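Accompanying notes for the structure given below.
Each value in this text was obtained by applying a stated rule to the coordinates, not by laboratory testing. Remember, it's a predicted structure, so these values are computed and weren't measured experimentally. Quick reminder, even Gly has a Cβ in these numbers, built from the backbone with ideal geometry, and neighbours come from all protein chains shown.
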């Protein structure tokens with residue numbers, strides 16, 4: 001990439017590289033790049049940082065994974081190695097690089113960590129299952145009551161409809177009974 005300026009804003013660099021602002025911030029985080037900020041607190045990219053972003057973007061375009069790109073760029077001192085993350089009971093904190101000589105301590109730490117995670121996940125699953133069972137039961141009762149009310153309304157409408165039909169048939173019979181008698185009499189006395 002031909003660098004024409006000694007300073008780029010995140011928008012300028014993202015347009016120049018053909019990536020999103022989000023992608024640049026992601027690369028900053030993944031590659032532990034120290035991007036300076038101006039007096040207003042906005043990021044700006046130096047020539048070196050712009051070139052590094054260009055290299056990363058090109059390698060990503062070629063299909064390389066982030067881990068592979070880190071391995072390529074770290075020996076050149078282009079990107080920094082991320083400090084390890086140490087987990088405790090309540091929080092996550094980033095601490096300076098620690099070197100362990102005793103693998104048993106590491107194994108024990110991860111074994112305890114695995115047990116804590118397993119217990120925590122099991123408790124959350126049980127809680128979620130209980131909540132879902134209660135919600136399903138509640139919904140089932142509400143649905144049953146709704147269906148029952150609908151059936152009652154339908155029965156009431158059907159009864160009214162059949163009463164109206166019976167009344168109409170009765171009126172029609174009365175009307176036609178008188179007409180039948182007249183017709184019979186008129187045929188007999190012709």
How far, in nm, would the chain grow between residue 147 and residue 64 when pulled straight, counting 0.36 nm per residue and subtracting the alpha carbon separation?
24.0 nm
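Ranking 43, 153, 25 by Cβ neighbours within 10 Å, fewest first, what do you get?
In increasing order of surrounding Cβ atoms, one gets 153, 25, 43.
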Please report Rg over Rh for the stretch 7-82, where both radii come from the alpha carbon positions and Rh follows the Kirkwood definition.
0.95
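Please compute the length gained on full extension between residue 48 and residue 158, using 0.36 nm multiplied by the number of residues separating them and subtracting their Cα-Cα distance. Before the final figure, lay out each step's value.
On the way: separation 110, 0.36 × 110 = 39.60 nm, distance 8.28 nm.
That works out to 31.3 nm of additional length.
Determine how many Å³ per residue the convex hull of the Cα atoms of the stretch 124-190 encloses.
Working: hull volume 4.0 nm³, N = 67.
Cα-based convex hull of the stretch 124-190, divided per residue, equals 59 Å³.
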Put a dot 7 Å past each Cα toward the Cβ at residue 106 and residue 136; how far apart are the dots in nm?
4.4
